[in-house]
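The values are calculated or read from the model by the stated rules, or taken from the named source; none is laboratory data. Quick caveat, the model's predicted, so the values are computed rather than measured. Cβ sites come from the backbone with ideal geometry, for glycine too, and all protein chains shown count toward neighbours. Side chains are part of the model used for accessible areas, which takes the heavy atoms of the whole protein and leaves out ligands, DNA and RNA. Shrake-Rupley method; radii C 1.70, N 1.55, O 1.52, S 1.80 Å.
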Amino acid sequence: MLNGQGDDRADPERPLPPVWRAPGMRPLLGSAALGFAGLSLLLPVSPLWALHGGADELGAGLVNTVLMLFTVVAQLLVGRLLRRLGWAGTLALGSCLLGLPSLGHLLTDGVGAVAALAAVRGLGFGILTVCG
């Protein structure tokens, strides 16, 4: 209720303001866009890096399979994270989980390590897709 007159959304004569004007929406969309861009850069490169390390085609495919599996797992857990950390904390955690493990590719190209990095990045991507 606003001013005791009821909900403004119930008035069909008065249009809702654009969602772009909501506080924090532009930075949220910017951070989500940057996160998606960061994911898209390594999505094709991680399997190639595993191939470089001696993996076969199955191992290379495993890398993105693990990433997508952990993305779905994270999406199922975001509600709990939101209750504990809030929106800003959860989004920051997701961004860190998506970006920081990328540095691990500098250390190894073994298929197991690349898949483990993909799992952590998948958790971050899952959080980002729900929060963003």
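Roughly how tilted is helix 111-131, in degrees to the nearest 10 and between 0 and 90, from the longest Cα axis of the chain? That works out to roughly 10 degrees.
With respect to the chain, whose longest principal axis is taken over its alpha-carbon atoms, helix 57-99 is tilted by about 30°.
On the accessible surface of the chain, probed at 1.4 Å, how many percent belong to carbon and sulfur atoms?
Numbers: 5770 of 8420 Å².
Here it works out to 69 percent.
Solvent-accessible area per residue in the chain equals 64 Å², computed with a 1.4 angstrom probe and all protein chains kept. Full extension of the segment from Met68 to Arg14, taken as 0.36 nm per residue of separation minus the current Cα-Cα distance, would add 15.2 nm.
Would you work out if the range 50-119 is rounded, prolate or oblate? Take a ≥ b ≥ c from the square roots of the eigenvalues of the alpha-carbon gyration tensor; rounded if a/c is under 1.5, else prolate when a/b is larger than b/c, oblate otherwise. Intermediate results must be reported in sequence, preceding the final value.
Values: a/c = 4.69, a/b = 2.04, b/c = 2.30.
Verdict is oblate for the range 50-119.
Computed from Cα positions, the angle between helix 25-42 and the longest principal axis of the chain comes to roughly 10 degrees. Among Ala74, Ala88, Ala22, the largest mean-square fluctuation in a Gaussian network model of the chain (Cα springs under 10 Å) belongs to Ala22.
Normalised by the number of residues in the chain, the mean separation of alpha-carbon contacts (under 8 Å, six or more apart) gives a relative contact order of 32 percent. Less than 10 Å Cβ to Cβ from Leu51, Lys/Arg counted +1 and Asp/Glu -1: what total charge do the surrounding residues give? Around Leu51, the charge tally is -3. Taking 0.36 nm per residue of sequence separation and removing the Cα-Cα distance, the Leu43/Arg21 pair yields an extension gain of 4.7 nm.
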